[in-house]
Amino acid sequence: MNIRIKRVYEPSDKEDGTRILVDRLWPRGLTKAKADVHLWLKEIAPSTELRKWFGHDTDKWVEFKKRYRAELKENDEQVALLKEKIKNEVVTLVYGARDEAHNEAIVLQEFLRR
């Protein structure tokens with residue numbers, strides 16, 4: 001299982017494999033061509049309520065991870081789709097957040113590796 005993480009604003013490269021956008025909203029100022037996203041799984045992203053509550057406040061990071069994992073456990077269809085993709089190919093989860101240490105892609109990667 002090879003799951004990478006990368007900001008969607010970074011240039012894509014061959015080593016990315018299948019690039020999957022895991023944000024609920026399309027990244028600002030980015031065209032589809034420039035994003036080079038193969039699949040957009042907006043339903044696997046944190047709920048709007050959770051995303052707004054978190055607001056990238058690092059003090060809420062531990063609680064955000066807990067709540068997002070709980071949402072993922074209830075999202076069987078999207079998780080199964082993603083698990084199928086990562087079974088046979090290199091996948092890069094791409095996200096738009098500026099904070100590279102506190103974002104949903106990190107939580108999702110940890111969740112999938114368990």
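Where a number appears in this text, it was derived from the coordinates with a stated rule and is not lab data. None of the values given here were measured: they were computed from a predicted structure. Ideal geometry is used to build each Cβ from the backbone, glycine not excepted, and the neighbour counts take in all protein chains shown.
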- Message: Relative contact order of the chain, please, whole-number percent, based on alpha carbon pairs below 8 angstrom and at least 6 residues apart.
- Response: 45 percent
- Are any of the pairs Lys52/Lys83; Lys34/Lys87; Lys6/Lys83; Lys6/Lys66 more than 24 Å apart by Cα-Cα distance, and if so, which? Lys52/Lys83; Lys34/Lys87
- Query: Ranked by Cβ crowding within 10 angstrom, fewest neighbours first, how are Trp53, Trp40 ordered?
  - Reply: Trp53, Trp40
- Query: Given springs between every Cα pair under 10 Å in a Gaussian network model of the chain, which of Ala80, Ala45, Ala33 has the largest fluctuation?
  - Reply: Ala33
- Message: Once R0 is set to 30 Å, what does the formula 1/(1 + (r/R0)^6) return for the Cβ-Cβ distance between Lys52 and Arg4, expressed as a FRET efficiency to the nearest 0.05?
- Response: 0.65
- Note on the structure: Most exposed first, judged by fewest Cβ atoms within 10 angstrom, Leu112, Leu82 run Leu112, Leu82
- Please identify, among Ile86, Ile44, Ile20, the residue showing maximal mean-square fluctuation in a Gaussian network model of the chain using a 10 angstrom Cα cutoff. Ile86
- Query: In cubic angstrom, how much convex hull volume per residue do the alpha carbon atoms of segment 3-113 span?
  - Reply: 94 Å³
- Task: With a ≥ b ≥ c taken as the square roots of the eigenvalues of the C-alpha gyration tensor of segment 1-47, please select rounded if a/c is under 1.5 and otherwise prolate if a/b is larger than b/c or oblate if it is not?
- Result: oblate
- Message: What does the charge count around Ser12 come to, taking other residues whose C-beta lies under 10 Å from its C-beta (Lys +1, Arg +1, Asp -1, Glu -1)?
- Response: -1
